[in-house]
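Okay, structure first, notes after.
The values are calculated or read from the model by the stated rules, or taken from the named source; none is laboratory data. What you see is a predicted model, and the numbers here were worked out from it, not measured in a lab. Methodologically, a virtual Cβ is constructed for each residue, glycine included, from the backbone with ideal geometry; neighbour enumeration extends over all protein chains shown.
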Amino acid sequence: MKGKTFVPRLHDNTKTMEQQTTLIDTQNLPDHREVAIDRVGVKNLRFPILVRDKAHTSQHTVATVSLTVDLPHHFKGTHMSRFIEVLNHHGTVIHVDNIKVILRELQTRLDAEAAHVEFEFPYFIEKQAPVTGASGLLEYNVRFNATAHQKHSEFEVTVMVPVTTLCPCSKAISKQGAHNQRSLVTFAVRFSSPIWIEDLVRMVETSASAELFSLLKRPDEKAVTEHAYDHPVFVEDLVRNIAVKANADPRIVWYKIEAENYESIHNHNAYAMIEKG
């Protein structure tokens, strides 16, 4: 306006800072119900990670991440933003070697005795067809579960491997053919020294009637079909075959093997499980 000088309201920023310093931290308020929470945190967070690859040194993929801690009975809530801060502190790509460090940071930042992380992601292995050698990538689901309690930590790897199973009973009683189906094996292990994802996958695939391929030409299809017919397995055989291989590997100190056959001539699935260690 004419004849008047404009003076900026510098005190507005100061007021904003004062307001920020007096914001109530609701999560730190006491809770009088005296009920502790075993796990609280964030789930279903998508984040890029870098995983060791036996054939190519490393493999980039995207994981679905869960980060949780325990919450003592006297705290009302946890600070959800701190979980994301810890994850992002390690850059735009998480290397699996950092998982133990992430656990310790969660314990420190959230003042927790126990912290848990889960990374589930698609993992790709290049496979050659058995006759023609045609190459293609096959996808497997992999899960890393890690827990830190005070100074102790555990790490668990799970591979989910699709295979083919052919019914021994059907083969024994049928004059022509035998029913077969897609099966899914969930193989979880804890180990004393590092073990490759690919090694766990091979334990499963070599225990089934046949493995799966992303690319098969007619000679390959014939070979895979005949191989399955020559190697019939019940769901019980499948988990036992894997267990024998796991028992023979000194690196594996605990395992849980689950197999589910998506039956082709029944309206139910066949299931078996072995846990040891």
Residue ID - nearest to the chain's Cα centre (by Cα), chosen from residues in region 254-270 that are aromatic (Phe, Trp, Tyr) and outside any loop (DSSP other than H, G, I, E, B): TYR255
Output for region 226-277, where each listed residue is of a type in the set (Lys, Arg) and closer than 17 Å to SER207 by Cα: ARG240, LYS245, LYS256
Residue count, region 241-268 (criterion: in contact with a strand residue (DSSP E or B) (Cβ under 7 Å, 6 or more places away or on another chain), over 17 Å from VAL157 (Cα atoms) and surrounded by 14 or more Cβ atoms within 10 Å (Cβ to Cβ)): 4
Residue that is farthest from LEU137 (Cα to Cα) [pool: residues in region 59-80 that are at pLDDT 95 or above and surrounded by fewer than 14 Cβ atoms within 10 Å (Cβ to Cβ)]: VAL62
Failed criterion for ARG190 (all others in (1) more than 18 Å from ASN261 (Cα to Cα); (2) assigned to a loop (DSSP other than H, G, I, E, B); (3) at pLDDT 95 or above hold): (2)
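Residues checked against (1) outside any loop (DSSP other than H, G, I, E, B); (2) within 30 Å of GLU154 (Cβ to Cβ); (3) out of contact with any helix residue (DSSP H, G or I) (no Cβ under 8 Å at 6 or more places or on another chain):
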| residue | (1), (2), (3) |
| --- | --- |
| THR165 | yes, no, no |
| CYS169 | yes, no, yes |
| ALA172 | yes, no, yes |
| LEU184 | yes, yes, yes |
| PRO194 | no, yes, yes |
| ARG202 | yes, yes, yes |
| SER207 | no, yes, no |
| LEU216 | no, no, no |
| TYR229 | yes, no, no |
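If I ask for residues that are part of a loop (DSSP other than H, G, I, E, B) and surrounded by fewer than 17 Cβ atoms within 10 Å (Cβ to Cβ), which ones from region 92-138 would you list?
Narrowing region 92-138 to residues part of a loop (DSSP other than H, G, I, E, B): 92-93, 110-113, 129-134.
Those that are part of a loop (DSSP other than H, G, I, E, B) and surrounded by fewer than 17 Cβ atoms within 10 Å (Cβ to Cβ): THR92, VAL93, ASP111, GLU113, VAL131, THR132, GLY133, ALA134.
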Test result for VAL253, under 30 Å from ALA134 (Cβ atoms) and either in contact (Cβ under 8 Å) with a residue 12 or more places away in the chain or assigned by TED's automatic domain parsing to the domain that holds ARG52 (or both): no
Qualifying residue in region 107-114 (condition: of a type outside the set (S, T, N, Q), under 19 Å from the mean Cα position of the chain (by Cα) and over 22 Å from PHE191 (Cα atoms)): no
Residue within region 28-37 that is assigned to a strand (DSSP E or B), at pLDDT 85 or above and closer than 30 Å to HIS95 by Cα present: yes
Residue match in region 73-81 (condition: of a type in the set (A, V, I, L, M, F, W, C) and either assigned to a helix (DSSP H, G or I) or under 21 Å from the mean Cα position of the chain (by Cα) (or both)): yes
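Are any residues in region 258-269 aliphatic (A, V, I, L, M) and more than 14 Å from VAL163 (Cα to Cα), and if so, which ones?
Selection gives ILE265 alone.
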Subset tally (residues that are surrounded by fewer than 18 Cβ atoms within 10 Å (Cβ to Cβ), in a strand (DSSP E or B) and either among the hydroxyl-bearing types (Ser, Thr, Tyr) or more than 17 Å from the chain's Cα centre (by Cα) (or both)) for region 139-163: 4
LEU216 vs. criteria under 18 Å from PHE124 (Cβ atoms), surrounded by fewer than 18 Cβ atoms within 10 Å (Cβ to Cβ) and at pLDDT 95 or above: no
